[in-house]
Amino acid sequence: MVSDRGEIMAIKDLPEEEYVLKGHAACPGCPATIALRITLKALGKKTILVIPACCSAVIQSLYPKTSFGVPTLNIAFEASAAAASGVASALKILGEKDITPVVWAGDGGSYDIGIQALSGALERGTDFIYICYNNQMYSNTGIQRSGATPYGAWTTTTWTGKKERQKELAEIVMAHHIPYVATATIAYPEDLYNKMKKAKEMKGPRYIEILTPCPPGWRFDMSKTVEIARLAVETGSWVLYEAINGKVEFTGQSKRILEGKERKPIEDWLKMQGRFRHLKQEDIEKIKRELDEKWEYYRKVMK
Amino acid sequence: MKTAISYPTEGAMGKTGTWRVFRPSIDIGKCIKCWRCWIFCPDAAISKGEYPVIDYEYCKGCGICANECPVNAIEMGREEK
Ligand SMILES: Cc1ncc(C[n+]2csc(CCOP(=O)(O)OP(=O)(O)O)c2C)c(N)n1
Ligand code: SF4
Ligand code: SF4
Ligand code: SF4
């Protein structure tokens, strides 16, 4: 079924075309791969991916073969938005109007080392889509903390739990006044697909961030990847929204929570993940307090 | 300077089904064709026939399909190899 806004309403209506080929190098239960499958179903074959160092560059498989069915430029860890700016300029000179340059980068490559190139490309009005798949740490190099790692989470560089709060990259991106910013997660494929489609049809810089819970990094069973993504939204830990020309609207379950639906207890989400196993009651209280504050803030600004 | 170019290939990392420890099997008698297993499979190992079909050459046995099936039509059993 398709809504009157042209949005796909059911999983069965998603295109069958597949651009992530079977037999790739991802761990069993990998969220990045689910996210990329759905993304490329929306963006289609007229896409050029720019991928910096991250898990996806490994998932892609080894030379001379690739598991990705669209042209892909692999680039240094910090340089994806700069490289995509070059691709966008080349496409413009060649008069190629229907090809979309798309960065596909991890949170380490986006929140931390790539933020300068990203900010520059956004401010220059580059005609591209930047996608950050956020697994809340550097997974490719064996689970180190990033700017997206939440308070309390274990990583190999925060082995007693991270002491700082995560930052909100999508909100930093919004401060660049770009046409489209959205957040999504793999548990809601229709929402993710529709946001990608919407982004594809627009011009200028577009940013989409996808929460991708990673079994080895977050320490949970590989069958629970989608369940943990869903619970992240239902507990209010992850928020689904989109901002068209700066006008923010919450979507899906997050919209319902904003309208008053009760959030599931955050403990339900925390206790499924080994990375939070060491948390003391006072840590959990702190996480709850900050979550309440975050939602109070949303209610205030969204009025 | 020469640029290294790779070409799209199914099974670029070989038959990844050999990684599998648990094997999903679908009871099509229970299946309501919601296609959740198909969209959530990280390995694109489920295709849309009349009912979902698992490609055991590439299924890594993660169990997401079984976990996400709303009617418990997919069961995970230990692989015998
Ligand atoms: C300049 C530089 N520093 C460090 C590295 C090593 N490195 C490769 S991938 C990676 C982590 C990537 O993390 P993220 O962007 O979060 O993606 P993920 O691996 O989680 O998919 C690091 C540190 C590098 N390739 N280049
Ligand atoms: S470490 Fe996580 S994100 Fe990286 S390939 Fe494995 S499951 Fe995917
Ligand atoms: S067990 Fe995992 S890899 Fe195998 S078909 Fe199910 S979701 Fe796909
Ligand atoms: S998830 Fe279950 S009910 Fe839905 S299509 Fe797959 S096997 Fe059938």
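One line per residue, one yes/no per condition, for (1) touching a Leu at 6+ places or on another chain (Cβ under 7 Å); (2) at pLDDT 95 or above:
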site	(1), (2)
B:3	no, no
B:20	no, yes
B:34	no, yes
B:39	yes, yes
B:71	no, yes
B:81	no, no
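Given the conditions (1) away from ligand 1 (no atom under 15 Å from the Cβ); (2) within 14 Å of another protein chain (Cβ to nearest Cβ); (3) of a type in the set (Ser, Thr, Tyr), and given that residue A:100 satisfies all but one, which numbered condition is not satisfied?
Going through (1) away from ligand 1 (no atom under 15 Å from the Cβ); (2) within 14 Å of another protein chain (Cβ to nearest Cβ); (3) of a type in the set (Ser, Thr, Tyr) one by one, residue A:100 breaks only (2).
Let me confirm something: among A:170, A:182, A:187, which residue is within 16 Å of ligand 3 (Cβ to nearest atom), within 26 Å of residue A:5 (Cβ to Cβ) and either of a type in the set (Gly, Ala, Ser) or at pLDDT below 95 (or both)?
Unique residue meeting the criteria: A:187.
For residue A:192, all conditions in the list (1) within 14 Å of another protein chain (Cβ to nearest Cβ); (2) surrounded by fewer than 18 Cβ atoms within 10 Å (Cβ to Cβ); (3) away from ligand 1 (no atom under 16 Å from the Cβ) hold save one; what is the number of the exception?
Only one criterion is unmet by residue A:192, namely (2).
Looking at (1) in a loop (DSSP other than H, G, I, E, B); (2) farther than 30 Å from residue A:273 by Cβ, which is the only condition residue A:197 fails?
So residue A:197 meets the others, but not (1).
Look through B:23, B:36 and report the one residue that is buried (at least 18 other Cβ atoms within 10 Å of the Cβ) and under 23 Å from residue A:14 (Cα atoms).
Going through B:23, B:36 in turn, the sole match is B:36.
Which of the residues spanning the stretch A:179-194 are in a helix (DSSP H, G or I), of a type outside the set (A, V, I, L, M, F, W, C) and touching a strand residue (DSSP E or B) at 6+ places or on another chain (Cβ under 7 Å)?
A:190, A:191, A:193, A:194
Somewhere in the stretch A:5-12, is a residue surrounded by fewer than 18 Cβ atoms within 10 Å (Cβ to Cβ), of a type in the set (Lys, Arg) and in contact with a strand residue (DSSP E or B) (Cβ under 8 Å, 6 or more places away or on another chain)?
Scanning the stretch A:5-12, I find no residue that is surrounded by fewer than 18 Cβ atoms within 10 Å (Cβ to Cβ), of a type in the set (Lys, Arg) and in contact with a strand residue (DSSP E or B) (Cβ under 8 Å, 6 or more places away or on another chain), so the answer is no.
Of all residues in the stretch A:133-151, which are in contact with a Phe, Trp or Tyr (Cβ under 6 Å, 6 or more places away or on another chain), closer than 24 Å to residue A:182 by Cα and surrounded by fewer than 22 Cβ atoms within 10 Å (Cβ to Cβ)?
The one that is in contact with a Phe, Trp or Tyr (Cβ under 6 Å, 6 or more places away or on another chain), closer than 24 Å to residue A:182 by Cα and surrounded by fewer than 22 Cβ atoms within 10 Å (Cβ to Cβ): A:147.
Return the total of residues in the stretch A:203-236 being closer than 22 Å to residue A:263 by Cα and in contact with a Leu (Cβ under 7 Å, 6 or more places away or on another chain).
Qualifying residue count for the region: 6.
When the residues of the stretch A:13-31 are filtered to those that are closer than 28 Å to residue A:218 by Cα and more than 7 Å from chain B (Cβ to nearest Cβ), which remaining residue is surrounded by the fewest Cβ atoms within 10 Å (Cβ to Cβ)?
A:19
For the subset of the stretch B:7-50 comprising residues that are over 21 Å from residue A:230 (Cα atoms) and among the aromatic types (Phe, Trp, Tyr), which member is nearest to ligand 2 (Cβ to nearest atom)?
B:19
The values are calculated or read from the model by the stated rules, or taken from the named source; none is laboratory data. Just so it is clear, the structure is predicted and the values come from calculations on it, not from any experiment. Every residue, glycine among them, receives a Cβ derived from its backbone with ideal geometry; neighbour counts consider all protein chains shown.
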